[in-house]
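Structure first, commentary second.
Only the coordinates and a few stated rules stand behind these numbers; no lab work does. Everything numeric in this text was worked out from a predicted model, so none of it was measured. All Cβ positions, even for glycine, are placed from backbone atoms using ideal geometry, and neighbour counts span all protein chains on display.
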Amino acid sequence: MSALVDSPVSVSPVPVPPRPAAKPRGILLVVDDEEGPRMSLKVIFKDTYELLMAEDGVRAIELAQQHDIDVAILDIRMAGMSGIEVLERLRQVRPDMEAIMITAFETTDTIRQALRLRACDYINKPFDIATIRNAVSQAMQRRVLESQVHSSADKVRELLTELQNRSIEEQIAKTHKDIYASILHDINGPLTVVSGFVQLLNKKLGNESRLETEDLEFIKERLRIIERQVVNCIEIQRRYLGFLRRQGNDQTHAGVNQLLHDLEQLVRVHPSLQENEFCLTPLAGDIGVKVNGTDLIQILLNLSVNAFQCTPLPHRVEIGGEVETATLDLTAFKDGPNDRFLNVENMHNVAPLVKLWVSDTGPGIPPEVLPKIFQSYFTTKGPSQGTGLGLNIVQRLIKEGHGALHVHTQRNEGTTFTIYLPGTSLVRESGSAR
């Protein structure tokens, strides 16, 4: 009888998920011709940053040519090249690098020279650990913020280049003639905000030699706004290119109150606000809306800008909303000399509905003008003051979102634009909250 031998069992290896990439640490260069201070700084920062150690200016410059240094700590009095001379040479290699000067021999002249070379801090020996840690931490944060500002500016430039280089002229010619103008109109608002904030941040970073906590929060908040606006530009671009290719839009169920918060950030810095009074009230309870979030922001922003520009005199503009828990009685929606209804026949009149309004205390719309306000290129402004596209874009986006629009106006009392859009719960279909 032959012996029985167990057949080897083939076991498939269990896939091991990749480890998340380690967060890159800042690069800190220490330049001091005395070994004691160099080693002290190495002990303090070895677990926090990538350290580069240089005993003289020549070695420091070599390291700067080989590495993208974020912050340098330089002793002012060294044999050979002084710390001031080394910093001047380093600026030629790494102009965006932050620098902290340390010395036991402080003079007015060295302080002036260090500031001229944009040193962000000046510390006397002997220094305590808390002081040097705080100085390096502030310098690293400043370096990161400057990098984010430049990155956001680069993204905007890349986006503009992509828009300019896309060969969509033939597709545009085969579709509606106003699509290209609509792209420029829609994308102009976010790009204006981005451009203004990038200029503001560059100016603030350039003028301040040292950032305080409130400065960092100011810059971080503006960077978050810049990031949102870059995303808005990208979504607008994709929406119109998808339309040109006759592709359907992917609707995202966005939270209305978050969108209203984003809208308020845009309106507060918009040039049209000027001396006008502005008030935005969120919904009492949050709800989702069955349209693309960028589309809803574009609708409300266009209506807000239209309200601000209805008169050059200071007036009040309000944005608010509520949730309609029952279907609308569409028989009550009738056009008249002071009222205009759009897309009532094609709206998804199913509860819940999100009702949002933009009202102003301006002069109102004349009855003879009211029927024309949604026509392409219609404007009551001068040739260089308006495109006549804002309300036409609003009409199209509401129609695509299966909503409805009601305009009510009264001479010398103001105008209210009310939109109705299909609402949805913010809970995922699986039952788990977002």
Task: Scattering curve values for region 289-368, log₁₀ I(q)/I(0), Debye with Cα scatterers, q = 0.21, 0.22, 0.24 Å⁻¹ - done: -1.23, -1.28, -1.33
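Full-extension gain between Ala332 and Gln65, please, as 0.36 nm times their residue separation minus the C-alpha to C-alpha distance.
88.7 nm
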- [ ] Would you kindly state how much longer the chain becomes between Val231 and Gln375 on full extension, computed as 0.36 nm times their sequence separation minus their alpha carbon distance, in nm to one decimal?
- [x] 49.0 nm
TODO: Could you list Thr415, Thr325, Thr424 in order of exposure, starting from the residue whose Cβ has the fewest other Cβ atoms within 10 Å?
DONE: Thr325, Thr424, Thr415
Open item on the list: Taking amide H atoms as placed 1.01 Å from N in the peptide plane, list the residues 5 or more away in sequence, or in a different chain, whose amide H sits under 5 Å from that of Phe374.
Closed with: none
Open item on the list: Based on Cα coordinates alone, diagonalise the gyration tensor for region 62-163, multiply each eigenvalue by 5, take square roots, and list the semi-axes in whole Å, largest first.
Closed with: 30, 16, 11
- [ ] Compute the relative contact order of region 254-424 as a whole-number percentage, counting only Cα pairs closer than 8 Å that sit 6 or more residues apart in sequence.
- [x] 27
- [ ] Give, to the nearest whole percent, the P(r) tail of region 254-424 beyond 18 angstrom, counting all Cα pairs.
- [x] 59
TODO: Compute the Kirkwood hydrodynamic radius of region 252-330, taking the inverse of the mean of 1/r over all pairs of distinct Cα atoms, and give it in Å to one decimal.
DONE: 13.6
TODO: Measure up Lys46/Lys125; Lys155/Lys372; Lys220/Lys399; Lys290/Lys372 against 32 Å on the Cα-Cα distance and list the ones that go over.
DONE: Lys155/Lys372; Lys220/Lys399
